[in-house]
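What follows is a set of notes on a single structure, which appears directly below.
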Amino acid sequence: MGDILSKYDILGAFWVTIQLSLLAAIGALVLGTIVAILRVSPVGVLRFIGTSYVNIFRNTPLTLLMVFSILGISFILGISLSQDLSRNAYWWAAIVLSVYHAAFVCEALRSGVNTIPTGQAEAARSIGLTFNQSLTEVLLPQAFRGAIAPLGSVLIALIKNTTVAAVILGTSEAAGLLAQITENEGASLPTFFLFALGFVILTLPLGILFTNLSRRLAVKR
Amino acid sequence: MSSEIVLFDAPGPKARRRHAILTVVGIVIALAIAWLVLRKMGEANQLEKSLWTPFVTDPEVWTQYLLTGLWGTIKAAALSVVFAGIFGLVFGMGRLSGNRWISGLCGAVVEFFRSVPVLIMMVFAYFGYFATSDLVSASTAPLASVVLALTLYNGSVIAELVRSGVFSLPSGQREAGLSIGLSPSQTLRSIQLPQALTAMLPALVGQLVVVLKDTALGVVITYPELLNAAKTLGSAYANTVPAYIVAALIFIVINYALTRVAAAVERWLKSRGQGPQKAGPAGITAAAVAEAESASHGH
């Protein structure tokens, strides 16, 4: 165990996990919000674009997108993000994670909107609020509160899904490194539990935080 | 959609004009993206007819590669779903057990396997055990690893679904069972579980999508599934980009159909008055990890 820790850069691998999680979380939140706006917009064409985006990326395996980003887009279509091969893979991993999880962020936000009873909007209009007022004072606050729990789930899934980047990042990432260690040193349960613990540490506090938040901010109905 | 009714008034003349403008803008942007993609592919000679015609003219593309790969994907997914169902039922019931030790142990197991990434389990099972020992033959080692990892993860998700399904039943169900003289475990088995399982049917079908997509992780441990098949097809016919696009389309069609089935089941249950009281969108319920957990807190 001791020499595994000194021989392999496990902390470095988890640092990559954290970096990818942060980058992809921001990317997915921005992109997912845009897609969600398209998906609930009153314009049919925009709604169609949003829905297509969600259906395409939610139903394609993340692994396929990862592999395609390097073997297809980078190597064959020639769209590279960096001269350095491993940096290129790193940035593509962040982009693919963002694009994939944006579909889930969109669905989380939309499910937040769907928790609002129609009566809320009708009440807001009937007391004479303008469209913007009813949106900012009545509807969006409730929608965001309703979306907290599913958004938390998406974030946790995203952190775990950074491991899929191993298919293009190799051993610089946690799952790839574990594969290498296990292949070289044989099965060692302590190593497995160390990696598992790393993800428990990353995800468990977030799960508790989001559960508490969603409970505290839940709209009483 | 209900979101429109909530968010927007019926449009007046000004709003209708704005919508018309936005429609044009939307179409222009969509066409621009499509044009950009096609131009980029054209520049890299990926629109050459010879790269795409094998999918129509050469039956070997399908029999040798894509359908064989798809069979690998479906085989792994089917086995995983069956085992995950058993795992989920056992541990879900264990978590509901009145015995504090059993419920605590089952809870720890479920929470652990839910928070460890599937790929971590898969590579460890493969490189650590199945590939190196003679537990299984060398040719089934990748399949065994894929199925084991998917079973542990999805079984834990299903266990949570079982638990939250039972919790979301009205408490009168359990009380009625106990008051007619059934024991707590009889009440669980013959009154609560059947209702909970029916209510979670849409989420279960949705979970199939997750399993099907996750089989693609098998590419890391050389399991011959659809993504792997697309990879070899791409090198055999020198048409990597078309091969991946076709593989992606196959995944999308199957998973989209499953999502529609889940939605149909949900509607059907609702029309029978047995669905969950507060239904979330089926896709996100199944796909998001801790959804089962958050659903149980809603009540």
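Values in this text are rule-based calculations from the coordinates and carry no lab data. These numbers come from a predicted model, not from an experiment. So basically every Cβ, Gly included, is an ideal-geometry build from the backbone, and we count neighbours across all protein chains shown.
Below 8 Å, C-alpha to C-alpha, sequence gap of six or more: please give me the relative contact order for the stretch B:59-297 in percent.
Details: 307 pairs, mean separation 64.3, N = 239.
Relative CO of the stretch B:59-297 lands at 27 percent.
Taking the Cα centre of the stretch B:59-297 as the origin, how large is its charge dipole in debye, to the nearest 20, when only Lys and Arg (+1) and Asp and Glu (-1) carry charge on their Cβ atoms?
Working: 14 positive and 10 negative charges, 120 e Å.
Magnitude of the dipole: close to 580 debye.
Report the Cα centroid-to-centroid distance between the stretch B:137-189 and the stretch A:95-109 in angstrom, as an integer.
29 Å
Mind ranking A:133-143, A:51-61 by how tightly packed they are, going by the mean number of other C-beta atoms within 10 angstrom, highest first?
Working: A:133-143: 17.0, A:51-61: 20.0.
Per-residue mean Cβ counts within 10 Å order the peptides as A:51-61, A:133-143.
Return the subset of A:Lys160/B:Lys213; B:Lys49/B:Lys231; A:Lys160/B:Lys75 for which the Cα-Cα distance in this structure is over 22 Å, preserving the input order. Don't skip to the answer; put the middle values down first.
Numbers: A:Lys160/B:Lys213 15 Å; B:Lys49/B:Lys231 20 Å; A:Lys160/B:Lys75 25 Å.
Exceeds cut-off: A:Lys160/B:Lys75.
Describe numerically, in nm with one decimal, the distance between label points set 7 Å from Cα along Cα→Cβ at A:Ile34 and at A:Ser80.
The two pseudo-label positions are separated by 2.6 nm.
Under a plain spin-label model, where a point goes 7 Å from the Cα along Cα-to-Cβ, how far apart in nm are A:Leu213 and B:Thr23?
Distance between the two pseudo-spin positions: 3.9 nm.
Which one of A:His101, A:Ser6, A:Ala147 has its Cα pushed farthest toward the positive end of the charge dipole of the stretch A:2-216, where Lys and Arg give +1 and Asp and Glu give -1 at the Cβ?
Looking along the dipole axis, the top candidate is A:Ala147.
With n ≥ 4 as the cut-off for DSSP H runs, can you work out [θ] at 222 nm for chain A, using -39500 (n - 2.57) per run divided by the number of residues, rounded to the nearest 500?
Numbers: 10 runs with 164 residues, N = 221.
Using -39500 (n - 2.57) per qualifying helix, the result is -24500 deg cm²/dmol.
Mind ranking A:178-191, B:76-89 by how tightly packed they are, going by the mean number of other C-beta atoms within 10 angstrom, highest first?
So the order, starting with the most tightly packed, is B:76-89, A:178-191.
Treating the beta-carbon of each Lys and Arg as +1 and of each Asp and Glu as -1, no other charges, what is the dipole magnitude of the protein assembly as shown about its Cα centre, to the nearest 20 debye? Working shown, then result.
On the way: 34 positive and 24 negative charges, 385 e Å.
Computed charge dipole of the protein assembly as shown: roughly 1840 debye.
What FRET efficiency comes out for the pair A:Leu204/A:Glu122, r = Cβ-Cβ distance, R0 = 41 Å, nearest 0.05? Before the final figure, lay out each step's value.
Numbers: r = 41 Å, r/R0 = 1.01.
For R0 = 41 Å, the calculated efficiency reads 0.50.
Take the alpha carbon gyration tensor of the stretch A:52-152, find the square roots of its eigenvalues, order them as a ≥ b ≥ c, and report rounded if a/c is under 1.5; if not, report prolate when a/b exceeds b/c, else oblate. Could you put the intermediate results ahead of the total?
Values: a/c = 3.74, a/b = 3.13, b/c = 1.19.
Judged from the Cα gyration tensor, the stretch A:52-152 comes out prolate (a/c at least 1.5, a/b above b/c).
Tell me which of B:Leu66, B:Val81, B:Gly234 sits at the most positive position along the dipole axis of chain B, charges placed on C-beta atoms (Lys, Arg +1; Asp, Glu -1).
B:Val81
Roughly how compact is the stretch A:2-216, stated as its Cα Rg over 2.2 N^0.38 Å to two decimals? Mind showing how you got there, number by number?
Values: Rg = 20.6 Å, N = 215, 2.2 N^0.38 = 16.9 Å.
Scaled against compact globular proteins, the figure is 1.22.
What ranking do B:148-159, B:236-247 get when scored by the average of other Cβ atoms within 10 Å per residue, highest first?
Numbers: B:148-159: 25.9, B:236-247: 21.1.
Answer by packing, highest mean first, reads B:148-159, B:236-247.
Given A:Phe193, B:Phe112, B:Thr187, which one lies farthest toward the positive end of the charge dipole of the protein assembly as shown, if we put +1 on the Cβ of every Lys and Arg and -1 on the Cβ of every Asp and Glu?
Farthest towards the positive pole: B:Thr187.
Could you work out the helix-only [θ] at 222 nm for chain B, with each DSSP H run of four or more residues adding -39,500 (n - 2.57) and the total divided by the number of residues, to the nearest 500 deg cm²/dmol? Working shown, then result.
On the way: 16 runs with 214 residues, N = 299.
Computed mean residue ellipticity for chain B: -23000 deg cm²/dmol.
B:Phe8 to B:Glu60: extension gain in nm, 0.36 nm per residue of separation minus the Cα-Cα distance? Display every interim value, and only then the final one.
On the way: separation 52, 0.36 × 52 = 18.72 nm, distance 5.26 nm.
Additional length available on full extension: 13.5 nm.
Placing +1 at every Lys and Arg Cβ and -1 at every Asp and Glu Cβ, with all other atoms neutral, what dipole size does the stretch A:2-216 have around its Cα centre, in debye to the nearest 20? Please list the in-between numbers first.
Details: 11 positive and 9 negative charges, 156 e Å.
Charge dipole of the stretch A:2-216: 740 debye, to the nearest 20.
For chain B, compute the orientation-averaged projected area of the C-alpha convex hull (one quarter of its surface), in nm². Please list the in-between numbers first.
Values: hull surface 86.3 nm².
In nm², the orientation-averaged hull projection of chain B is 21.6.
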